[in-house]
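Structure record follows, encoded as structure tokens.
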Amino acid sequence: MRNFKKNDEAVSAVIGVILMVAITVILAAVIAAFVFGMAGGVGTKKNPAFTMKRVASGSTTYLDVTFVDMGGAQTVNSLTLTADGTTLTAVPVPSSTSMTVGETYRYTLASSAQYHVVGSATVDGNSQVVIDATV
């Protein structure tokens, strides 16, 4: 009859070493993320809000764009709209210094056809798309 060696260990030594190395690597990665600043510095997105409304007056079609919310931004200015790639002109011209919530800008459309409108503005010094809609 053979004598078998009885092993009372619950986890083998190899698995224990693998777990210890894995925990050490994860802990080192977390500490490195904080030390090298990878965990912080993620800026918040500024989302100024605008509403658009198509208005027909006689044979002319307008697009009224109203600035309704700063969206966490300090300054929003220089709103530029394009309809199907053509730059639209506004009356009054959006401020190049700082727009005010509640202001409405009227853009003249070439016809009463449907347009894909994209609007960009300078938000806290960075250009960003603020409108992307079909009207």
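Read-outs throughout are calculated quantities, based only on the coordinates presented, and are distinct from any laboratory measurement. Predicted, not measured: the structure shown is a model, and the values here were computed from it. Note that we place each Cβ from the backbone using ideal geometry, even for glycine, and neighbour counts take in every protein chain shown.
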(Q) Starting from the 7 Å offset along Cα-to-Cβ, what nm value, one decimal, do you get for the label separation of Asp124 and Asn77? (A) 1.7 nm
Q. Any idea how far apart Val68 and Ala56 come out in nm if each label point goes 7 Å out from Cα toward Cβ?
A. 2.3 nm
Q | Unit Cα scatterers, Debye sum, the chain: log10 I(q)/I(0) for q = 0.09, 0.12, 0.14 Å⁻¹ | A | -0.48, -0.62, -0.72
Q | Net lengthening on full extension, Ser95/Ala22 (0.36 nm per residue, minus Cα-Cα) | A | 20.6 nm
Q. Counting each DSSP H run of 4 or more residues in the chain as -39500 (n - 2.57), what helix-only mean residue ellipticity at 222 nm follows after dividing by all residues, to the nearest 500 deg cm²/dmol?
A. -6000 deg cm²/dmol
**Q.** Stretch gain in nm, segment Ala113-Val135, where the contour uses 0.36 nm per residue and the Cα spacing is subtracted
**A.** 7.1 nm
